[in-house]
Amino acid sequence: MAFKMTFRWYGEDDKTTLDAIRQIPCMTGIVSAVYDTPVGEVWSEESIGRIKKLAEAKGLAFEVVESVPVHEEIKLGGPDAERLIDNYKENVRRLGKAGVKCICYNFMPVFDWLRSDLSKQLADGSNALAYDRDTVLSLDPLKSELSLPGWDESYTKDGLKELLGRYAGVDEEKLWANFATFLKEVVPVAEECGVRMAIHPDDPPWGIFGLPRIITGAASFERMFSIVDSPANGVTFCTGSLGVDPANDLPAMIRKCGDRIAFAHLRNVKITGDRCFEESGHISDRGSLDMYEIVSALYDAKFDGYVRPDHGRMIWGETGRAGYGLYDRALGAMYLDGIIEAVGKARGEYVKTV
């Protein structure tokens, strides 16, 4: 078993450089994607190869992609879904050929991770992502009151209106049916290519703007595994996404998922009310999650995969992509690596990965 520490990198325009990432002592590789190709189309081997070349030149592996986006037509079961699934399968093949071992993806309709505040001021002077239920409920997505981080800004207002109208006929069961079609087509290809598909839970794990959310907790994972029973049909276990719902017992879920966890996003959140939360520093006593118990559960589950610190605060005057500054995520990586070493050595199971 092993915990391979990785770091999200948004490409050559990312303010967080590969030179900075390589200086984090516990780092083994980057998590990235091809950003120059429209959603649903096939990634060029040259674009994939360039990421790999740039990473390896800095002594970093490129074995995790986050993400290969699932086109809305696939989620809707639309007339172009078959072609788009074929494109997705080709991307899996090309990534496997390039040495990618894990693909993180999600099946969230229209909106990716969503917050009501991208820079909430915290008591220590830092700022962080936050979610307030009443604020979100008061929003009309067609009027674009906020620039939401998970929003596909390529949508025009008319295009978004049309898309939301089409989703009016898609409830949870219909979305599950379309997800099952996707899994049955893609997972066998991933298995053949030595790639683990790792679904990211919905963030937050409840419905928004009348849209269904289906990957929200333990029962969701069990249902997904039953559709295609394959080691390649795996999970990105995001503690922040799942942890904002107090009903989710994260250590118990980890032990139950076992070797289906291919990738772990380890971060803390502070629950501040009913469906209200803010993102905190990674350390346990700053939030509502016990990170030591979470890492212990990963050891119990014989975890063998990739981890990364997830959304960080903006600290020390840093500015940049919301949730993805360098400093707090680097602190998080070192804190998490310390827990991983401490738990592992106490059990005689620690494997050094760098």
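Details
- Computed label-point distance, nm, for sites residue 1 and residue 334 using a 7 Å Cα→Cβ extension: 2.7 nm
- The stretch between residue 352 and residue 37 holds 109.8 nm of extra length on full extension. This uses 0.36 nm per residue minus the Cα-Cα distance.
- When only the Cβ of Lys, Arg, Asp and Glu is charged (+1, +1, -1, -1), the dipole of the chain relative to its Cα centre reaches about 820 debye.
- Long-range HN-HN contacts of residue 61 with modeled amide H, under 5 Å: 29, 30
- The stretch 50-81 and the stretch 255-299 have their alpha-carbon centroids 25 Å apart.
- Relative to one another, the C-alpha centroids of the stretch 22-48 and the stretch 194-211 are positioned 20 Å apart.
- Available extension along the chain between residue 53 and residue 252 is 67.7 nm, counting 0.36 nm per residue and deducting the alpha carbon span.
- Stretch in the chain that is longest and holds no GluC sites (Glu not before Pro) that DSSP places in a loop and that have at most 14 other beta carbons within 10 Å: 154-348
- Here residue 292 sits with roughly 110 square angstrom of accessible surface, probe radius 1.4 Å.
- Gyration tensor (alpha-carbon) shape descriptor, the stretch 1-159, a/c threshold 1.5: oblate
- Placing unit charges on each Cβ (+1 for Lys and Arg, -1 for Asp and Glu) gives the chain a dipole about its Cα centre, and among 320, 11, 295 the Cα reaching farthest toward its positive end belongs to 295.
- At the residue level, residue 26 shows approximately 10 square angstrom of accessible surface with a 1.4 angstrom probe and all protein chains present.
- Gained length - residue 161 relative to residue 13, 0.36 nm times residue gap less alpha-carbon distance: 50.1 nm
- Accessible area (Å², 1.4 Å probe, nearest 10) - residue 200: 20 Å²
- Environment charge at residue 326 (Cβ cut-off 9 Å; Lys +1, Arg +1, Asp -1, Glu -1): 0
- Calculated mean residue ellipticity at 222 nm for the chain: -11500 deg cm²/dmol, from DSSP H runs with n ≥ 4 weighted as -39500 (n - 2.57), summed, divided by the residue count and rounded to 500.
- Ordering of 298-304, 246-252 by packing [mean C-beta count within 10 Å, highest first]: 298-304, 246-252
- Under the simplified labelling scheme, the residue 300-residue 288 pair shows an inter-label distance of 2.1 nm, with each label point 7 Å from Cα along Cα→Cβ.
- Cα lying deepest toward the dipole's positive end in the chain, options 261, 40, 138, charges on Cβ: 261
The values are calculated or read from the model by the stated rules, or taken from the named source; none is laboratory data. These numbers were taken from a predicted model, which means no experiment stands behind them. Quick reminder, even Gly has a Cβ in these numbers, built from the backbone with ideal geometry, and neighbours come from all protein chains shown. Accessible surface areas use protein heavy atoms only, side chains included; no ligands, DNA or RNA. Shrake-Rupley method; radii C 1.70, N 1.55, O 1.52, S 1.80 Å.
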